[in-house]
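Quick note: the coordinates plus some simple rules give every number you see, no bench work behind them. Every value quoted in this text rests on a predicted model; they were computed, and no experiment measured them. All Cβ positions, glycine included, derive from the backbone under ideal geometry; neighbour counts span all protein chains shown.
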Amino acid sequence: MNKNFKFPAFILSILIASFNAFGQNTDYSIQIDSLIKTTNPRNFNGVVLIQQNGKTKYTGAYGYSNFEEKSSLKITDKFSTMSIAKQFTSTLILQAVEKGLIDLHTPIRKYLPDFKYTWADTVTVHHLLNNTSGLHSDKIDNPLKFTPGSAFSYSNIGYYVAGLVLEKQSKKTFEQLVTELFKKCGMKNSFYPSEKASHLLTKGHTIKKDGTYRLNEQLSFEPSHYWGSHLIVTAPDLAKWNECLHKGKVLKPATYKLMTSYVITNAHQLFSKNPIGYGYGLRINDKEGILEIGHTGFHPNEGYTAVNLYYPETNTSVIVMENQANENFDIAYYFEQEIRKIVKNSTLLK
């Protein structure tokens, strides 16, 4: 045997590249596994799902569905969407726009003529969906913060008002509309929060600043909150939703472009220190080289934290859902941020 034999340079380079690619492709799983074991600055309790081109790349359920009963979480457990609900409401409204039932830029007074608030003469559905209405977050009676369209101010109540317009124009309830949408997207384990369906929801836990927790047996969400703050979903169903929404199954291309374009920016700690775009119920991050579309959900009083991210260039979904929420907002999204960083630095998005 010739001890001086050497691989041809081009074969060696292929072998090295293949080895490196394999290592990088599996590295994100190892990094996430290691991260989840972290207890500082806080513990993780939830599910993680990464999907690409319809195939699961990573899945895991960690911790408990109920801290007191010590019942283990499953990837199929049902969580509150919290503000991720906004993209469902926006989609339903845009479907009504496609049917000619709603005009995005007409003041809502046209649709709600008996509405007692004078701002209905200037606020449009467009303003409500991209949080430029000037409405306060949860109080409908307060005067507007600014002239509609001139600035960004996150408003859950704005989605309630948009929902009133949708129900009036479609002649259907939100429960009917969202149930039909779930069915169209094959989301068999997702539900409108009816009294019956709410019993399926995994328990939420509020993590207090002193490290203790409160088990939330009952949620304080009301139907007026559901448009922007609360639907019941599983992580695998959210991945189905991403495929449905972003691959043209529920909106026409031109309408989808409206949803994922923006005229206003706002900063969010999970995405960037700098402002990024806000479309209709979606944050649009086109500032860092890889287009990123998604939304967070966080409600410490109810005990849920979540993020749903989609990367269109590689058809990749990253979903993290926790049935706990930390009152210390500085660390509230710690694991969601770190998982996002791991994925963005991996070959998954290359």
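Ellipticity at 222 nm from helices only: DSSP H runs of n ≥ 4 in the chain, each -39500 (n - 2.57), divided by the residue count, give -10000 deg cm²/dmol.
Close amide-amide hydrogen proximity is noted between Gly60 and Val48, each under 5 Å apart and 5 or more residues distant or on a separate chain (H modeled in the peptide plane; Pro and chain starts excluded). Fewest-first ordering of Phe191, Phe67 by other beta carbons within 10 Å of each residue's beta carbon gives Phe67, Phe191. Placing +1 on each Lys and Arg Cβ and -1 on each Asp and Glu Cβ, with no other charges, gives region 43-345 a dipole about its Cα centre of roughly 740 debye. Sequence gap at least 6, Cα distance under 8 Å: using those rules, report the relative contact order of region 43-345 to the nearest whole percent. The value is 24 percent. Working from Cα pairs under 8 Å separated by at least six residues, relative contact order for region 267-350 is 20 percent.
When the Cα positions of Val97, Ala254, Asn308 are compared along the charge dipole of region 43-345, Ala254 comes out farthest toward the positive end, with charges on each C-beta of Lys, Arg, Asp and Glu. Phi-derived couplings, Karplus 6.51 cos²θ - 1.76 cosθ + 1.60 at θ = phi - 60°, listed residue by residue for region 295-300: 7, 9, x, 7, 8, x Hz, with x used for Gly and Pro. Pairwise Cα distances in region 243-298 exceed 12 Å for 66 percent of all pairs.
Put the Cα centre of region 285-350 next to the Cα centre of region 81-126 and the gap is 27 Å.
Between Thr347 and Lys37, the simple spin-label model (points 7 angstrom out along Cα→Cβ) gives 2.4 nm.
Counting beta carbons within 10 Å around each of Thr56, Thr316, Thr234 and listing the fewest first gives the order Thr56, Thr316, Thr234. A compact globular protein would have a Cα radius of gyration near 2.2 N^0.38 Å; the ratio found for the chain is 1.08. The length gained by stretching the chain between Lys249 and Tyr117 to full extension, at 0.36 nm per residue less their Cα-Cα distance, is 43.9 nm.
Sorting Trp241, Trp119 from the fewest to the most surrounding beta carbons within 10 angstrom yields Trp119, Trp241.
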